[in-house]
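Worksheet: one structure, shown below.
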Amino acid sequence: EILPALRLSYMYLPFHLKRCFSFCAVYPKDHNFEKDSLAEMWVAEGFVVRKGNIPLQDIGSQYFLELVNRSFFQKFRGAYVIHDLMHDMAQLVSKDECFIVKNLSDLEEVPQSVRHLSILPITNVKCSNLLSLGKCTKLRTLLCNKPLSSSAMDCWFEKLLCLRVIFCASTEKLPESIGNLKHLRYLAISRTCHFRSLPSSFCSLYNLQIFYARKCKLESLPRGISKLIKLQKFKSNNLEMEVDAAELKEQLSFIENF
């Protein structure tokens, strides 16, 4: 009885806020949301509408605060969460687009039409099991909280060519096939990784806006990285830059030639 009432409140949202909120169904219940991080992903997904000269990141942050004011997010112990019933409603309105892999059997249920997918840190799923996700060719968002083998990533990057957002816990290395992801705009690695360099094909990610590998120590950058003209934020363990695209390109070019 409650869900229809909540769905009605969702239906009265402006279209841009509907897209942003329904996207959150790709996260599990009780997830702690960070305003800036979520706004970056909304921008990468193309959900944020430009207004004059205001940076898209700032507009995305405004969207988040609008949803807070409408009680779609609630502040709890210094973080933002979505109430369980509201989360159920988000999954209801996005059932054909968002999916969460919670266990091994869920891999058989992933619809080929899915656009936003998250993989929880479950223990009974091996990287070899994840190769089946290569069939989801419409996938735009991949959030994987498990360590990934480079072979699994290589398989995905050969097939999932629509990806715009990738978040992964860790990986042995980034495969050369990452250069196939011409639409990729956001790439984040959350844990420590042992690779010390990026593949040369990384320089082909012309639409990349954000790269986070804060716990990875890169010893060198590939030649041609200054070609990433849309890059706005580049952060690793020993290298951090966050400026406008033109200035970042100049800094990367300097490092590349150093």
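Identify, please: which residue in segment 205-225 is open to solvent by less than 30 Å² (accessible area, probe 1.4 Å) and small (Gly, Ala, Ser) and is, among those, nearest to Ser236 (Cα to Cα)? Taking the candidates together, the pick is Ala213. When we screen Lys29, Lys35 for residues that are touching a residue at least 24 places away in the same chain (Cβ under 8 Å), surrounded by fewer than 20 Cβ atoms within 10 Å (Cβ to Cβ) and touching a His at 6+ places or on another chain (Cβ under 8 Å), the only hit is Lys29.
In the set (1) open to solvent by 50 Å² or more (accessible area, probe 1.4 Å); (2) of a type in the set (Gly, Ala, Ser); (3) under 24 Å from Ala44 (Cα atoms), Ser151 fails one condition alone, (3).
Is it true that some residue in segment 41-49 is under 27 Å from Phe211 (Cβ atoms), within 20 Å of the chain's Cα centre (by Cα), among the charged types (D, E, K, R) and open to solvent by 40 Å² or more (accessible area, probe 1.4 Å)? Walk me through how you get there before you give the answer.
Step one: list which residues in segment 41-49 are under 27 Å from Phe211 (Cβ atoms), which gives 41-49.
Going one step further and asking which of them are within 20 Å of the chain's Cα centre (by Cα), we end up with 41-49.
The next check asks that each one be among the charged types (D, E, K, R); those that pass are 45.
If we keep only those that are open to solvent by 40 Å² or more (accessible area, probe 1.4 Å) too, we end up with none.
Within segment 41-49, none of the residues are under 27 Å from Phe211 (Cβ atoms), within 20 Å of the chain's Cα centre (by Cα), among the charged types (D, E, K, R) and open to solvent by 40 Å² or more (accessible area, probe 1.4 Å).
If only residues of segment 18-41 that are of a type in the set (Phe, Trp, Tyr) and touching a strand residue (DSSP E or B) at 6+ places or on another chain (Cβ under 8 Å) are counted, the one that is farthest from Ile166 (Cα to Cα) is Phe33. Within segment 127-138, count every residue that is crowded, with 20+ Cβ neighbours inside 10 Å and among the β-branched types (Val, Ile, Thr). Within segment 127-138, residues that are crowded, with 20+ Cβ neighbours inside 10 Å and among the β-branched types (Val, Ile, Thr) number 0.
Within segment 103-126, can you find the residues that are within 20 Å of Thr171 (Cα to Cα) and open to solvent by 30 Å² or more (accessible area, probe 1.4 Å)? Of everything in segment 103-126, those that are within 20 Å of Thr171 (Cα to Cα) and open to solvent by 30 Å² or more (accessible area, probe 1.4 Å) turn out to be Leu120, Pro121, Thr123, Asn124, Lys126. Inspect segment 80-88 for any residue being open to solvent by 70 Å² or more (accessible area, probe 1.4 Å) and under 19 Å from Arg7 (Cα atoms) and give the result as yes or no. Taking every residue of segment 80-88 in turn, at least one turns out to be open to solvent by 70 Å² or more (accessible area, probe 1.4 Å) and under 19 Å from Arg7 (Cα atoms).
Strands (runs of 3 or more DSSP E) fully within segment 181-254 that include at least 1 residues being under 22 Å from Leu38 (Cα atoms) and at pLDDT 85 or above: 186-189, 210-213, 233-236.
Pick out the one residue from Leu65, Leu8, Leu38 that is in contact with a Lys or Arg (Cβ under 8 Å, 6 or more places away or on another chain) and among the hydrophobic types (A, V, I, L, M, F, W, C).
Working: Leu8 fails: in contact with a Lys or Arg (Cβ under 8 Å, 6 or more places away or on another chain); Leu38 fails: in contact with a Lys or Arg (Cβ under 8 Å, 6 or more places away or on another chain).
Exactly one residue qualifies, and that residue is Leu65.
If you filter segment 33-70 down to residues that are out of contact with any helix residue (DSSP H, G or I) (no Cβ under 7 Å at 6 or more places or on another chain) and in a loop (DSSP other than H, G, I, E, B), you find that the one that is nearest to Cys20 (Cα to Cα) is Gly46. Can you name every residue in segment 87-115 that is farther than 19 Å from Asn129 by Cα, outside any helix (DSSP H, G or I) and modelled with pLDDT of 90 or more? Ser94, Glu97, Cys98, Arg115, listed by residue number.
The values are calculated or read from the model by the stated rules, or taken from the named source; none is laboratory data. As the structure is a prediction and not an experimental result, all values here were calculated from the model. Cβ sites come from the backbone with ideal geometry, for glycine too, and all protein chains shown count toward neighbours. Side chains included, ligands, DNA and RNA excluded: accessible areas come from the protein's heavy atoms. Shrake-Rupley method; radii C 1.70, N 1.55, O 1.52, S 1.80 Å.
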